[in-house]
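One structure is given below, encoded as structure tokens.
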Amino acid sequence: MSPTEALEAVISAIDQHNQQLFAFCTLTLDQARADAREVERKLAAGEDPGPLMGIPMGIKDLILTRGTRTTGGCLAYADYVPDEDDIVVERLRAAGAIILGKTNVSELGYSLTGDNPIFGTTRNPWDPKLSSGGSSAGAAVAVATGMGPVAIGSDGGGSIRLPAAFCGVFGFKPSMGRVPLYPGCRDERLPGLSSWESLEHIGPLSRTVEDAALVMSVIAGPDPRDRHSIPSEAATWRELRECNIVGRRVAYCPTWDGVAVDPQIRAQTDLAARVFADELGCLVEEITPSFGKLVLNFRTIMAAESDLPGMRAMAERLAERMSPNLRKFLQIDWTAEMLTDALKFRKSAANQMWRLMARYDYILTPTTSDLPPLADKAEGAEDVVRPLPSFTCIANMTGQPAASMPAGWTPAGLPVGVQIIGRHLADRDVLCAAAGFEQAHPWSDRWPCL
């Protein structure tokens, strides 16, 4: 199949599904077709177009794209067209990837839904009445429906893993700094669009673990524009078929901190734990760690890493045209004591995690505590989405690598995600474990019936 043929197949899926599900908010198909022809020209001339040659993909609308508007789902940025690419987009273009456009997000990523005041709501492909999760909502839906084999999302508290779980695809959050961030999280001129400096991670959503590893081989590695960036695990990303996790120690945490888990989710994650034990040869032990007020302190650090004066001025201008959950967040009187308490909590949580990981190679949890809520109910409803990051935000607090993979489906046909967290900087280990689970319990041939 030529790059143009592959692109047209993906565009056909977009034509078929995007109006119903709204994965993409901005499409750049003329440029994508020109880029596909350029890849074909390089191939015909014997040139090397790069390791992602001709692969079509969407970019989350919080990640900056030169010459293509980046709104973050916020009316304050409705007409914003960046003059530079985010580092990850630079690297994708250089590797021959074909950028289809921008995928829909919750407003500025401050909610775990796919709703915003500009473009509306992204719908779950397994049941369009339900939420797709967020904030990388459009990215997950695009991959789940063939609107591109891979998409790039960002994850500040679960924003890759949660929609991956709700939409039945693989989502990978690398270690902090593994994929450098700039201008995202680093540009002080972009309140709201550039936040969460020590929480945000960029990574792929894909149908297979190997596809995610291929993308990581391109986007990982340090850059001087991100002072937190770290070296890539060079030449190891795609060597997954030889992985052997026999004898690895897995802590299975069906819950923690007393979080109530839907029985249908518990049934599928119990099955996943048995796959690791019975089929992959791991030593699985069920434990119930307690971190305390994890989500509350996580939200406080979110606030500390936001431009509160800039965002409050934006909220004053937009008034009711800003998402209600974001307005409410900005109205909280965040104090220095709340911040220092949250930072102290983060130290304690990180210390608890490294002590836990001294005994285990992996932590296995549900990705979400609940099945997807109704999309219309989730829009702006903070009380609905508040419990969702209970299992995911710890890996953003500590910077550890984590992934969500389909554990199975409920009797009603909704996907359930299981999360695997690895040791500090052990990104490849997480991909190896996910690849082993995928081989034992494959999911990539399961498609929503639209």
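Among residues belonging to region 343-402 that are basic (Lys, Arg) and at pLDDT 95 or above, point out the one that is nearest to Ser135 (Cα to Cα). Looking at the filtered set, the residue picked out is Arg346. Of the residues in region 234-244, not one is under 15 Å from the mean Cα position of the chain (by Cα) and either on the phi > 0 side of the Ramachandran plot or of a type outside the set (Asp, Glu) (or both). Could you tell me which of the residues Pro174, Pro117, Pro149, Pro125 is in contact with an Asp or Glu (Cβ under 8 Å, 6 or more places away or on another chain), of a type outside the set (S, T, N, Q) and crowded, with 24+ Cβ neighbours inside 10 Å? The match here is Pro174. In the set Arg312, Arg299, only one residue is surrounded by fewer than 20 Cβ atoms within 10 Å (Cβ to Cβ) and more than 16 Å from Trp256 (Cα to Cα); that residue is Arg312.
What about Val416, is it more than 18 Å from Pro163 (Cα to Cα) and in contact with a strand residue (DSSP E or B) (Cβ under 7 Å, 6 or more places away or on another chain)?
no
Yes or no: Gly168 under 20 Å from Lys102 (Cα atoms) and among the small types (Gly, Ala, Ser)? No: the conditions fail for Gly168. It is to be established whether one or more residues within region 282-303 are touching a Ser or Thr at 6+ places or on another chain (Cβ under 7 Å) and not in a helix (DSSP H, G or I). Yes. Suppose we filter Ile287, Ile265 for residues that are surrounded by fewer than 16 Cβ atoms within 10 Å (Cβ to Cβ), among the β-branched types (Val, Ile, Thr) and modelled with pLDDT of 95 or more; which single one remains? Going through Ile287, Ile265 in turn, just one is surrounded by fewer than 16 Cβ atoms within 10 Å (Cβ to Cβ), among the β-branched types (Val, Ile, Thr) and modelled with pLDDT of 95 or more: Ile287. Please find, within region 228-240, the residue that is modelled with the highest pLDDT out of those that are over 15 Å from Gly399 (Cα atoms) and not small (Gly, Ala, Ser). So the residue we want is Leu240. Which of the following residues is more than 24 Å from the chain's Cα centre (by Cα) and more than 30 Å from Ile420 (Cβ to Cβ): Met338, Met311? Result of the check over Met338, Met311: Met338. Checking each residue in region 329-369 for being charged (D, E, K, R) and touching a helix residue (DSSP H, G or I) at 6+ places or on another chain (Cβ under 8 Å) picks out Asp341, Arg346, Asp361. Quick check on Ile160: is it closer than 21 Å to Val418 by Cβ, touching a residue at least 24 places away in the same chain (Cβ under 8 Å) and buried (at least 24 other Cβ atoms within 10 Å of the Cβ)? Answer is yes for this residue. Among the residues of region 321-340, how many are touching a Pro at 6+ places or on another chain (Cβ under 8 Å) and part of a helix (DSSP H, G or I)? The total comes to 1.
The values are calculated or read from the model by the stated rules, or taken from the named source; none is laboratory data. Note that the structure is a prediction, hence the values are computed from the model and not measured. Glycine also receives a Cβ, built like all others from the backbone with ideal geometry; neighbour counts cover every protein chain displayed.
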